[in-house]
Amino acid sequence: MLLRIGRDSNGMFYSSNMNRLDYKKVKSLYNSGLSQRDIANWFGVSQRSVLRFFQKNNIESRSINYNYVSEIKRLKGISSFKFNDYNFGYFYGVLLGDGTIGQKRIALHVKDYDFIDKFRKVSEYLELNCSKITVDKKGHKMICIHNRELAYFFRKMKLTKGHNLNLLFDDAVIGFINGFIDSEGYVAKERKRIVVVNINKNIINFVSAELSKRNVINKVLKSDYLYKIYISSVNVNNFNRLFKFSIKRKQLRLEHICQKRKA
């Protein structure tokens, strides 16, 4: 692996590792509106590395006065987001499942405390300021992140409906699946299978494909307006090796099925 060391315009040392840049991911990020500097921050390389990558791969750069609505605002918190980071993937998966993205805030309203507590810890890891966990009259837990720019980021990146899931890679994919199944998955104990349900076909197909890549064989069926992923009892052990429900009651059901499979 080639590592180049040099100095930037301010005389500071930087490292350039073009092997860390993936063509498809770079193109997707750039077409989504991120600048070369933003892309460098995502991959943890120098801006010069990104420029050289563009030149080497004949990627046409936007002119300085290019009127693109992109311009994702640089703000506190966003800099800690990485499309290859487990925690960002988990955070995103939960939002697409049970989260609400408004104009000024992001909120999660769920039944299980262990679930919302994990979401809080992940959010704090991403340097996001969360409200205290509150409980309504029905016993449901709620947490909010009041951040107008963060909500703007998700809308501008078209992340609110899962259009840019191909931007995720490495550990972020694992995190996304974990967050999404925490929100939308359940364990059918009698039929000894896992079911993941959502109305968004793109998200379901993405999760299904990524599970298959990891030898968790599944099938997708449509029921009315819902799309469902079915993971049969034959594949629950493979699923349990890679993914865990943060909701204890769901994880206990899963482990019970796995133990019966071994018996």
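Structure data summary
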| item | result |
| --- | --- |
| Burial ranking of peptide ranges 194-205, 249-260, 50-61 (average Cβ count within 10 Å, highest at the top) | 194-205, 249-260, 50-61 |
| Sequence-distant residues sharing a close amide H with residue 82 (under 5 Å, placed H) | 88 |
| Distant alpha-carbon pairs in segment 206-263 (separation over 17 angstrom), percent | 43 percent |
| Amide proton proximity set for residue 147, modelled H, under 5 Å, gap of 5+ | 105, 106 |
| Segment residue 201-residue 19, length gained on full extension (0.36 nm per residue, minus Cα span) | 62.2 nm |
| Phi to ³J(HN,Hα) by Karplus 6.51 cos²θ - 1.76 cosθ + 1.60 over segment 207-222, Hz, x for Gly, Pro | 4, 4, 5, 5, 5, 4, 4, 9, 6, 9, 5, 8, 9, 10, 10, 9 |
| Chymotrypsin sites (Phe, Trp or Tyr not before Pro) within segment 120-227, DSSP loop, no more than 12 other Cβ atoms inside 10 Å | 225 |
| Inter-label distance, nm, simple model (7 Å from Cα along the C-beta direction), residue 61/residue 121 | 4.3 nm |
| Pair residue 222, residue 169: separation of 7 Å Cα→Cβ label points (nm) | 3.2 nm |
| Extension reserve of the residue 132-residue 109 stretch, reckoned as 0.36 nm per residue once the Cα distance is removed | 7.0 nm |
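Rule-based calculations on the coordinates, nothing more; no lab input. As the structure is a computational prediction, the values presented were derived from the model and not from experiment. Glycine also receives a Cβ, built like all others from the backbone with ideal geometry; neighbour counts cover every protein chain displayed.
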